[in-house]
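Below is one structure, written out as structure tokens; the observations come after it.
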Amino acid sequence: MTASEPLRFAVEGAGEVSALLLRPGDARVLLVLAHGAGAGMRHPFMESVAGELAAVGIATLRYQFPYMEGRRRVPDVPAVLTATVVAAVGAAAKQAPGLPMLAGGKSMGGRMTSQAAAQHPLEGVRGLVFFGFPLHPPKRPATKRADHLTKVTVPMLFLQGTRDELAKLDLLRPICASLGALATLSVFDGADHSFHVLKRSGTNDSAVLQKLVRRVASWAERIAV
């Protein structure tokens, strides 16, 4: 497996942040991948997803938000988070010119990517991928966090577990339906927000990860290649 290449790029008004580019020799598409609120780009889930995506020809650029780069616990304000997304997309385009691009992330990283795309189309990005879209806080069902999705102009892939406490499916399904052909919802039985499944489910986390990656790859084939 090709090793990840460490990079750095500047974020307007917030200094520089670190990134990791994993580009297999047969890469057909590049996914600009943001981390969740509580863990950075080297979290085991992020590492595993990047490795499995590389195995099916999808390169990834993982990156840090400034607060994580500075080892702070509280996320940056939304303006800084979305500026980081925009900067990461620009850095990815420079590192891999010619590769079709997707963008997205885990939980908050995906939501900030969609907010950035809603504010202004992300140049060169053909679709957004959400590994657990955080529709609402745990035990506080709501849909306001999805309001901006109507302003996104590229296809979106929602990867959601049935036990995800941050996205009740009876709320998310109508939202995806209202977005029409731009939204694809892929549901993973028994998976929680971290795509962890219980032992009694008859499957395991590794199998879920493989299914996640296959779903991203098949969707990307239609959207970006």
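The values are calculated or read from the model by the stated rules, or taken from the named source; none is laboratory data. These numbers come from a predicted model, not from an experiment. Cβ: placed from backbone, ideal geometry, glycine included. Neighbour counts: every protein chain shown. Only protein heavy atoms, including side chains, enter the accessible area calculation; ligands, DNA and RNA are left aside. Shrake-Rupley method; radii C 1.70, N 1.55, O 1.52, S 1.80 Å.
Go ahead and set up a Gaussian network model of the chain, Cα springs under 10 Å, then flag whichever of GLY161, GLY38, GLY105 fluctuates most.
Of GLY161, GLY38, GLY105, the Gaussian network model singles out GLY38 as fluctuating most.
Kindly provide the helix-only [θ] at 222 nm of the chain, computed as the sum of -39,500 (n - 2.57) over DSSP H runs of four or more divided by all residues, to the nearest 500 deg cm²/dmol?
Counting only the DSSP helices, I get -10500 deg cm²/dmol.
In whole percent, what relative contact order does the stretch 42-140 give with Cα contacts below 8 Å and a gap of six or more residues? Write out the running numbers ahead of the final one.
Details: 93 pairs, mean separation 21.1, N = 99.
Across the stretch 42-140, relative contact order equals 21 percent.
Are there DSSP H segments in the chain that both extend 15 Å or more along their axis (alpha-carbon positions) and score a mean Kyte-Doolittle hydropathy of at least -1.0? List them, or say none. Provide the component values of the computation, followed by the final result.
Values: long enough: 44-55 (17 Å, 0.69); 78-95 (25 Å, 1.24); 108-119 (16 Å, -0.38); 205-223 (27 Å, -0.02).
Those that clear 15 Å and a mean of -1.0 are 44-55, 78-95, 108-119, 205-223.
Could you report the accessible area of SER48 in Å², rounded to 10, computed with a 1.4 Å probe on the protein chains as they sit in the structure?
50
Looking at this model, which pairs from LYS106/LYS144; LYS106/LYS168; LYS94/LYS151 are more than 22 angstrom apart at the alpha-carbon? Before the final figure, lay out each step's value.
Values: LYS106/LYS144 19 Å; LYS106/LYS168 17 Å; LYS94/LYS151 26 Å.
Over 22 Å apart, Cα to Cα: LYS94/LYS151.
Which of the GluC sites (Glu not before Pro) found in the stretch 1-52 are loop residues per DSSP with 16 or fewer other Cβ atoms within 10 Å of their Cβ?
Sparse-neighbourhood loop GluC sites (Glu not before Pro): GLU12.
GNM on the chain, C-alpha springs below 10 Å: top fluctuator among SER201, SER18, SER107?
Of SER201, SER18, SER107, the most mobile in the Gaussian network model is SER201.
So how far, in whole Å, is the C-alpha centre of the stretch 76-102 from the one of the stretch 1-58?
Centre-to-centre distance over Cα atoms comes out at 11 Å.
In whole Å and largest first, what semi-axes does the C-alpha gyration tensor of the stretch 84-181 yield when each eigenvalue is scaled by 5 and square-rooted?
In descending order the semi-axes read 25, 13, 11 Å.
In the neighborhood of GLY13, defined by Cβ-to-Cβ distances under 15 Å, what is the net charge if each Lys or Arg adds +1 and each Asp or Glu adds -1?
Its environment carries a net charge of -4.
Out of the stretch 47-154, which trypsin sites (Lys or Arg not before Pro) are coil in DSSP terms and have no more than 15 other C-beta atoms within 10 Å? Provide the component values of the computation, followed by the final result.
Values: sites: ARG62, ARG71, ARG72, ARG73, LYS94, LYS106, ARG111, ARG126, LYS139, LYS144, ARG145, LYS151; in loops: ARG71, ARG72, ARG73, LYS139.
Passing sites in the stretch 47-154 are ARG71, ARG72, ARG73, LYS139.
Taking every pair of alpha-carbon atoms in the stretch 25-70, what share in percent sits in each 5 Å bin, from 0 to the bin with the longest distance?
5, 24, 29, 20, 13, 6, 2
Please work out which option in (i) 74, 43, 32; (ii) 41, 36, 35; (iii) 52, 47, 38 gives Cα extents along the principal axes in Å calculated from these coordinates, and answer with its label.
(ii)
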